[in-house]
1. For segment 176-332, go through all pairs of different Cα atoms, get the mean of 1/r, take its inverse, and jot down that Kirkwood value in Å.
2. Give the cross-link partners of K224 among the lysines, using a straight C-alpha distance below 16 Å as the criterion and excluding same-chain residues fewer than 8 apart.
3. Mind listing P(r) for segment 2-204? All alpha-carbon pairs, 10 Å bins, whole percents.
4. For segment 2-204, what proportion of DSSP beta bridges, expressed in % and rounded to the nearest 5, is antiparallel?
5. How compact is segment 1-90 by the rule of thumb for globular proteins, expressed as Cα Rg over 2.2 N^0.38 Å?
6. Once you mark the GluC sites (Glu not before Pro) that are in a DSSP loop and have at most 15 other Cβ atoms within 10 Å, what is the longest gap between them in the chain?
7. Helix-only estimate, please: 222 nm mean residue ellipticity of the chain, summing -39500 (n - 2.57) across DSSP H runs of length 4 or more and dividing by its residues, to the nearest 500.
8. In debye to the nearest 20, how big a dipole does the chain give about its Cα centre with +1 on each Lys and Arg Cβ and -1 on each Asp and Glu Cβ?
Amino acid sequence: MARHNRRYAKNVVSGLGLKEDDLVVEIASNDGSLLSCFREHGVRTLGIEPARNIAAVARERCIDTIDEFFSLDLAAKVRNDHGVASTVVANNVLAHVDDTRDFLSGCRELIDEGFIITEFPYLGELLEKQEYDTVYHEHLCYFSVIALMRLYQAVDLVIVKIEQTSVHGGSLRVYAARNSEQRPCHTQGVLDMAERECQLGYQTSRPYEALSEAVRANREALLKLLTDLKDGGNQIAAYGASAKGNTLLNYCGITTKQIDYIVDKNPLKVGLYTPGTHIPVVPVSTLKSKRPNYILILAWNYAEEIMKGQTEFTGSGGKFILPIPRPKVIGV
């Protein structure tokens, strides 16, 4: 994510030609990690983060942060107090809000000639890679390009460009601007993506019914794999007490009968139990002391990084299990 943030900031600053006086506003700015990367390029920054404890962390990093939920009303106040934004950034938040029109209207209020850049997991990746574990309480919407076109048009915005990124299992980065004489409609590249979705039947029930069948098959295959390994006398750990991991554990009915424990780097999770399945969460160092035979990677979107960091585990013959899209054992 740190590399992703650095590339993100560099691409936006250079691609849009931002200068020192330009203001970058990030909505759901968290601890200011991304805005810190923008500051390195000399632009002005402002974060909007409703979690007050996290906003306080951002301020400690000298990132000016407003600790309120974003809305059209707040946007008007921000514009009055801080001026017009050259760029509004909103990563992994549009899918979380319950009033997407108000949210995007607020983004529009902050710009004149600038751009709104939103990034979120793509429905197409969810369907094609069967990423059903990304369905959980924080995600209220799963956007197709077809839906995005209607949504942005409803608040008088046009989509200028869409980039696909690999982060979080496959995301869209959407660049939008105010509807104007220079930009009267969505660009051809956006229309082409929507046409591809139509050809794949995203407006019909077919891909969703296929996903339902694939998800049920995944549950059966994963449970069988874990049960067979456990019956064979193997110790199985899991890596990553993540939100997506808990969706998978609860849907599949995976408990301590299959998984001995879950390791996680976050000290706030260590010593607790997974909700619903009650698997203990322990430090990553436990992998060295207890030496499991297999590690089920629940945070599969970081699988490459996780596997690279476990050379001692693989060196002793340990193997990884990737659950999505189909259960797969990997011996590095």
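1. Evaluated on segment 176-332, it is 17.9 Å.
2. Leaving aside lysines fewer than 8 places away in the same chain, those within reach of K224 are K257, K328.
3. So the P(r) values, bin by bin, are 9, 36, 39, 15, 2.
4. Of those bridges, close to 45 percent are antiparallel.
5. It is 1.01.
6. By the stated rule (loop sites, at most 15 other Cβ atoms within 10 Å), 182-332.
7. For the chain, the value works out to -12000 deg cm²/dmol.
8. Approximately 1240 debye in magnitude.
The numbers here are math on the coordinates, done by the rules we state, and not lab data. Note that this is a predicted model, so its numbers are computed, not measured. As a convention, Cβ positions derive from the backbone with ideal geometry for all residues, glycine included, and neighbour counts pool all protein chains shown.
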